[in-house]
Amino acid sequence: MWYFKAQDGNYETFPSAGTPSQLKDRGFTYAIALHSAAKDENGNLLYGNIPFSGYSYNNGYQDGASLGRWIDSILKGIDYFVVVPVLIDESKTRGVRGIQYWKGWIDGVYDNTSGYQIGFYWYLENPWQVSDGVVYEEDIQEISNYIKNKWQHLIWIPYVNDKINLNNTDIKPLSKYFTYVFVQPHYYQRWKEYYTGTLEGAPNEYPYLTRGVDALVEILNWIWSIPNGYIEMEVDGTINSYPDLINKACDYVTAQKNSVVGDTWPQRAYYYNANTNNVDEVRNQCPEW
């Protein structure tokens, strides 16, 4: 996942996120370009909003073309996916952009990028987005068909964790609309919460903390039951303050080998918090990561 900054119609890179050649040197075969959000100490948004000029097809086209021209100048050299912004802002509560906007966005990106742009990333990670009434399943289906008719891919990276009833999510019903579904197991993040003292509730309430890799393996087996389901590997800069978290990142490799696949999975997505150094640190400990 290759993050960029978006604010007031302008875009900036995170230099630490890597160039196409640096990503390829680490064995990545594509980049997933999406925006990152950050706030100041007063809660004011510093960056993160994808520009939203209105709900129409033309608005979407204009906004998508602007990002497409910029992103292609940065990522040309590695295959990449471009975010489809779902919500109007970062609040997670304020409206969706709508089907006509999304079609315009897709065309605006597609018409203003090179052959390195191979598809789109559905931004909303919520595994209950249809059940919660945030978006309609028929809209996801229509957008999926719209993208695939261009011979492009659509991917999704929903989150789960050790306390979620996996079969009570929208992940399996919606998976058929995506080329790949990379599920975020939240294993690394749970251990991070534990180490940093931000865990809500007692540690014995969480299977990851009480059963470790065995609990992660169970979730991976569920993910593998999705025909196009794969895993997202997860790490961030907290490993610099809590070194044992590198071992928790390495557990993703162990769990894959202990899963029904019996080996590392053929498709994987990577979250490394916009800093390729985090990838290098983990791979020093477990090269197969």
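The values are calculated or read from the model by the stated rules, or taken from the named source; none is laboratory data. Just so it is clear, the model here is predicted, and its values are computed rather than measured. Methodologically, a virtual Cβ is constructed for each residue, glycine included, from the backbone with ideal geometry; neighbour enumeration extends over all protein chains shown. Keep in mind that these areas ignore ligands, DNA and RNA; they rest on the heavy atoms of the full protein, side chains included. Shrake-Rupley method; radii C 1.70, N 1.55, O 1.52, S 1.80 Å.
Dipole size in debye (nearest 20) for the chain around its Cα centre, Lys and Arg Cβ +1, Asp and Glu Cβ -1?
For the chain, the charge dipole is close to 500 debye.
With just the Cα atoms defining each centre, how far is the range 164-185 from the range 8-22? Give it in Å.
29 Å
Roughly how big is the range 174-289's charge dipole about its Cα centre, with Cβ charges of +1 (Lys, Arg) and -1 (Asp, Glu), in debye to the nearest 20?
Computed charge dipole of the range 174-289: roughly 260 debye.
Given points 7 Å out from each Cα along the Cα-Cβ axis, report the LYS39 to ASN165 separation in nanometres with one decimal.
It works out to 3.1 nm between the two label points.
Using the beta-carbon distance between TRP151 and GLN100 and R0 = 22 Å, what value does 1/(1 + (r/R0)^6) give for FRET efficiency, to the nearest 0.05?
About 0.50, to the nearest 0.05.
Roughly what would the spin-label model give for VAL134 and ASP111, points 7 Å off Cα along C-beta, in nm?
3.0 nm
Can you pull the percent of the range 115-253's accessible area that's carbon plus sulfur, 1.4 Å probe, other chains left in place?
Numbers: 2710 of 5810 Å².
Of the solvent-accessible surface of the range 115-253, carbon and sulfur hold 47 percent.
Given the pairs LYS5/LYS76; LYS39/LYS172; LYS148/LYS257; LYS148/LYS172; LYS76/LYS257, which span a C-alpha to C-alpha distance of over 26 angstrom in this model?
Listed pairs above 26 Å: LYS39/LYS172; LYS148/LYS257; LYS76/LYS257.
For the chain, calculate the relative contact order in percent as a whole number, restricting contacts to Cα pairs under 8 Å that are 6 or more residues apart.
With pairs under 8 Å counted, the relative contact order is 15 percent.
Considering the options LEU199, TYR101, LEU124, tell which one lies farthest towards the positive end of the dipole of the range 84-237, charges being +1 on Lys and Arg and -1 on Asp and Glu at the Cβ, about the Cα centre.
Checking the options against the dipole of the range 84-237, the answer is TYR101.
Report the trypsin sites (Lys or Arg not before Pro) located in the range 27-127 that are in a DSSP loop and have at most 14 other Cβ atoms inside 10 Å of their Cβ, or state none.
When the trypsin sites (Lys or Arg not before Pro) of the range 27-127 are filtered for loop state and at most 14 Cβ neighbours within 10 Å, LYS76, LYS92, ARG94 remain.
Check the straight Cα-Cα distances from LYS24 and name the aspartates and glutamates below 12 Å, setting aside those fewer than 8 residues away within the same chain.
Candidates past the 8-residue exclusion: ASP79.
Hey, in the GNM for the chain with a 10 angstrom Cα cutoff, which one of ILE231, ILE223, ILE140 fluctuates hardest?
Maximum fluctuation in the GNM of the chain, among the listed residues, is at ILE140.
May I ask you to give the average projected area over all directions of the convex hull of the Cα atoms of the range 234-289, in nm² rounded to one decimal?
3.6 nm²
Please identify, among PRO158, PRO15, PRO127, the residue showing maximal mean-square fluctuation in a Gaussian network model of the chain using a 10 angstrom Cα cutoff.
PRO15
Where is the GNM fluctuation largest for the chain (alpha-carbon springs, 10 angstrom cutoff): ASN58, ASN240, ASN273?
Comparing ASN58, ASN240, ASN273 in a Gaussian network model of the chain, the most mobile one is ASN240.
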